[in-house]
1. Would you confirm, using the coordinates I've provided, whether residue 198 is modelled with pLDDT of 95 or more and assigned to a loop (DSSP other than H, G, I, E, B)?
2. Residue by residue through segment 283-317, note down the ones that are in contact (Cβ under 8 Å) with a residue 60 or more places away in the chain and either within 20 Å of residue 17 (Cβ to Cβ) or part of a helix (DSSP H, G or I) (or both).
3. Considering (1) surrounded by fewer than 19 Cβ atoms within 10 Å (Cβ to Cβ); (2) over 24 Å from residue 311 (Cβ atoms), say which one residue 195 fails and leave the rest.
4. If I filter segment 307-314 for residues that are more than 23 Å from residue 169 (Cβ to Cβ), at pLDDT 95 or above and surrounded by fewer than 13 Cβ atoms within 10 Å (Cβ to Cβ), do I get at least one hit?
5. All but one of (1) in contact with a Gly (Cβ under 9 Å, 6 or more places away or on another chain); (2) assigned to a strand (DSSP E or B) hold for residue 211; which doesn't?
6. Within segment 120-138, can one find any residue that is within 30 Å of residue 322 (Cα to Cα), more than 20 Å from the chain's Cα centre (by Cα) and exposed (fewer than 13 other Cβ atoms within 10 Å of the Cβ)?
Amino acid sequence: MRILFGIQGTGNGHLSRCHRIATELQDLPVDVDYLISGRKPSRLFSTEVFGHFSHRRGLTFATERGRLRPMKTLMSNSLPQFMSEVRQLDLSAYDLVVSDFEPVTAWAAKLQHKRCIGLGRQYAFREAALYRQLKPWHRSIIDYFAPASEWLGMHWQPLGDCLPPVVRRHEQAPVSEKQILVYLPFEDLYQVIDALLPYTDYSFSVFHPAIHRAKYFASDHIMGFPGSRETFAEQLALASGVIANAGFETTCEALNQGKQLAVKPLAGQFEQAWNARLLAQDHRAQILTRIDDTVIGDWLAQINHKAAPAALQWSYVDKAVAEWLADGAKQSKQDLCNTLWSGSPGWIRTNDTWINSPPL
């Protein structure tokens, strides 16, 4: 059994999710090659588990000061090069293609009539309950950016044939009520720092791609960190609250550890807008419309009077998905999803409806 696994490199959430699945695949009787696109190799980190992975330019998006920039996105992509990458990718040696919303592998599989499983958060929007609410332009992105012959979306609660999230295993650590993790990679770094400066009663761990080494910012209550899976996990475990853009993986890690959560969706990015909306509807996060000291102060004041939310627990999806893929994805996705949700602590199925106990 040989698999080509395509990874969308534009977001750390894609890489983190695939890192955990790849770790499990290492111990199984299957050959896996990895292809990453959407980000320059020099800007990737913690990729050792993917071995000598292939890289393609693929498709990406451009952001500036917390907003998706459509014109810069168009200018930063080359459709002729993308088409060339798709045509030149030979899939004849592979039994299966997996795409975590990675477009080169997905389109190559479509054109070469190879079985392709779409795996990841974006494919959850193929579920009818969400798909029918999308605007036509957003449906086109979901349908055509990284098309797959089959798909398995992910959601933090049962939704159609969606899997639970892939979250890292963690041990309970002492939590500081005054420590906050801040992960706002799409915002201007110094605007973020300015928003945190007045709140000297708190300690902030700030992760941002513009930080290239650990450093203090202006005051010893703000510590900046470059991208690191291990350091991020350590700081998250210690924090009582998280301020983040509305990416799926970070928010699910916060939900899994019962953190107070505030999300500022990347403006113009419909997936993050929907993530934020759905989290707010479930009373799992507060939406921040901007990043400044007033907004941050209001949120800090609110969480001072709120008990920590109950953690959402899920089965360890990475191992189950790895075994499923290594077996040729023979088990139906419906059975796989039901097995994982029924094995998730706190989730109970009653009359074809899943409920969480304690309730959301």
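1. Yes: the conditions hold for residue 198.
2. 284, 293, 295, 296, 297, 300, 303, 312, 314, 315, 316, 317
3. (1)
4. Looking for residues that are more than 23 Å from residue 169 (Cβ to Cβ), at pLDDT 95 or above and surrounded by fewer than 13 Cβ atoms within 10 Å (Cβ to Cβ), one finds none in segment 307-314, hence no.
5. (2)
6. yes
The values are calculated or read from the model by the stated rules, or taken from the named source; none is laboratory data. As the structure is a computational prediction, the values presented were derived from the model and not from experiment. Because the Cβ atoms are built from the backbone with ideal geometry, glycine has one as well, and the counts that use them run over all protein chains shown.
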